[in-house]
Amino acid sequence: MAIEVRAEAKRDYAKELKTKFRAHNAVVAVVGIGYVGLPLAVEKAKVGFPVIGLDRNEERVAMVNRGENYIRDVKDEELKKVVLGGKLRTSTDFSELGNADVVIICVPTPLTVHREPDLQYIENVSGEIAEHLRPGQLISLESTTYPGTTEEVILPKLAATGLEVGNDFFLVHSPERVDPGNKRYTTQNTNKLVGGVTQSCTDVAAAFYGETIIKVIRCSSPAVAEMAKVFENTYRAVNIALVNEMALLCDRMEISVWEMLDAAFTKPFGIQPFYPGPGVGGHCIPVDPFYLAWKAREYDFSTRFIELAGEINLSMPYFVVQKAERILGLQGKSLRGSKVLVLGVTYKEDLPDMRESPALKVIQLLIKEGCEVEYYDPYVPSIEVQLQNQGTYEGKQSLRLDSIPDSGAERAGSADLVVILTGHSCVDYGLIVQAARAVLDTRNATSSVDVSMGRAWAL
Ligand SMILES: NC(=O)c1ccc[n+]([C@@H]2O[C@H](COP(=O)([O-])OP(=O)(O)OC[C@H]3O[C@@H](n4cnc5c(N)ncnc54)[C@H](O)[C@@H]3O)[C@@H](O)[C@H]2O)c1
């Protein structure tokens, strides 16, 4: 008797996933519901995908489940709507990963104290995903990282389960490019890069992102997408360093760097606006280029532009303090004992984000030189300044400062110097310049104010 051997047809997981994407009923797990993850979770839930946000931070998880928002780029009413509508819920239970069709990783990628990549968050999450991996899942790493992470750090953990990448599960890098606070470019209209471990990984991910994002661009590997993202941030860091260097030179030559840049940027081609400031901040620009510099060393390659840009950008807080000293000197005063009012401490205007803010360094240095520092920032009620062997605060490692209640003329008038470190649009700079004895403006926030009385100095 002939025995009929029929090979069981292998399931086409790519096809099954694409069908679910089109119907918007694929379950999406977003791991890490911070600046990147929460807007993404809301975006997907808004168009009908059932979304589960996973995070280790119990407070954030509880807040989202109550419909409470903590990220400025997310609209309160939109978050409430998707939570109440049952489209978005959050949890600290990582076994939920097994229920997801798509897992998007949005965890932090900081530097260690030695300025090397700290991949502990990606490693932890990859371990959790591997534990719950099942056939038919798309895994997308959106965190910014050095080229090679997806294939060298994540893939080995997932492949060790015995499941096959490109057939059983799909793995891509698709970097988040969001610019917090940017009203013109949102997740939806910012081109999305997708680089898969295999062609089918890229296809599946492109089908997923194509449901909510206008344009998806395919890269031939995760490494290309990873490199493109760190290059973008390196490009900004280097160009900011270039204008910062121009600011240092213009100061010496007594040319207004702001007027010079405004003039230069009138050229309609071949140049792009970047502006100087008291240093660089945020989670990306001061961090990401060093991910690339670290990886380059593995190839006996020294990324000299990155190192030089880092050096110039890190020197800016010191320059601000030097200039403050000079301005006080014009009034016959020194830094020691002078009252300095700092306006704006976040790294970017009109945002409550303090990450890597250069204001902390400037304030630390002012305190070190013996200034009495107050600050005003409507977005930041208090800050913790690390101290460096200061006489007056001896014995303390750090000093907590609370924002003064308003930026009114009275406080500005009683300071020897007002230093604008971030130009929040809600502050009346005309009033400040009128009331203050001297103003050092590192952001050109007073550009539209009549400064003919000679009390304001630009960077
Ligand atoms: N903020 C930006 O503007 C921006 C823009 C583009 C890319 N990125 C990149 O996106 C990534 C995330 O940045 P972010 O700004 O959203 O960070 P974030 O700190 O705002 O949020 C990260 C979240 O991950 C959570 N988390 C940490 N470890 C976890 C773990 N093991 N499991 C689950 N959750 C965990 C944290 O509790 C936090 O809620 C980083 O790689 C960053 O470089 C950020």
### Task
State yes or no: is Thr112 in contact with an Asp or Glu (Cβ under 9 Å, 6 or more places away or on another chain), open to solvent by 10 Å² or more (accessible area, probe 1.4 Å) and free of Cβ contacts under 8 Å to residues at least 24 places away in the same chain?
yes
### Task
Go through segment 117-157 residue by residue and tally those that are within 16 Å of the ligand (Cβ to nearest atom) and in a helix (DSSP H, G or I).
18
#### Entry: Residue satisfying all of: in segment 45-73; away from the ligand (no atom under 12 Å from the Cβ) and in a loop (DSSP other than H, G, I, E, B); nearest to Phe94 (Cα to Cα) among these
Pro50
### Task
Would you check if there is a residue in segment 13-28 being within 15 Å of the ligand (Cβ to nearest atom), out of contact with any Lys or Arg (no Cβ under 7 Å at 6 or more places or on another chain) and modelled with pLDDT of 95 or more?
no
### Query
Do any residues in segment 90-108 that are within 11 Å of the ligand (Cβ to nearest atom) have Cβ atoms under 6 Å from those of residues that are among the β-branched types (Val, Ile, Thr) and open to solvent by 30 Å² or more (accessible area, probe 1.4 Å), where the two are at least six apart or on different chains, and which pairs are they?
Cys106/Val36
### Query
Would you pick out the residues in segment 232-290 that are of a type in the set (Ser, Thr, Tyr) and either touching a residue at least 40 places away in the same chain (Cβ under 8 Å) or over 30 Å from Gly34 (Cα atoms) (or both)?
Thr234, Ser256, Thr266, Tyr275
### Message
Between a residue in segment 20-36 that is touching a residue at least 12 places away in the same chain (Cβ under 8 Å) and among the aromatic types (Phe, Trp, Tyr) and any residue that is open to solvent by less than 40 Å² (accessible area, probe 1.4 Å) and within 16 Å of the ligand (Cβ to nearest atom), which pairs come within a Cβ distance under 8 Å, given they are 6 or more apart or on different chains?
### Response
Tyr35/Ile71; Tyr35/Pro180; Tyr35/Asp353
#### Entry: Condition check for Gly210: more than 16 Å from the ligand (Cβ to nearest atom) and surrounded by fewer than 19 Cβ atoms within 10 Å (Cβ to Cβ)
yes
### Task
Can you tell me which residue within segment 304-362, out of those that are of a type in the set (D, E, K, R) and not in a loop (DSSP other than H, G, I, E, B), is surrounded by the most Cβ atoms within 10 Å (Cβ to Cβ)?
Lys361
### Query
Do we have any residue at all in segment 169-187 that's open to solvent by less than 10 Å² (accessible area, probe 1.4 Å), over 13 Å from Ile105 (Cα atoms) and either in contact with a strand residue (DSSP E or B) (Cβ under 7 Å, 6 or more places away or on another chain) or within 11 Å of the ligand (Cβ to nearest atom) (or both)?
yes
### Message
With the requirement that a residue be under 20 Å from Arg455 (Cβ atoms) and among the basic types (Lys, Arg), what does segment 315-362 give you?
### Response
Lys323, Arg326, Lys333, Lys339
### Task
Could you list all residues from segment 302-325 that are among the polar types (S, T, N, Q) and within 23 Å of the chain's Cα centre (by Cα)?
Thr303, Asn313, Ser315
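The values are calculated or read from the model by the stated rules, or taken from the named source; none is laboratory data. Because the structure is predicted, anything quoted here is derived from the model rather than measured. Every residue, glycine among them, receives a Cβ derived from its backbone with ideal geometry; neighbour counts consider all protein chains shown. Side chains included, ligands, DNA and RNA excluded: accessible areas come from the protein's heavy atoms. Shrake-Rupley method; radii C 1.70, N 1.55, O 1.52, S 1.80 Å.
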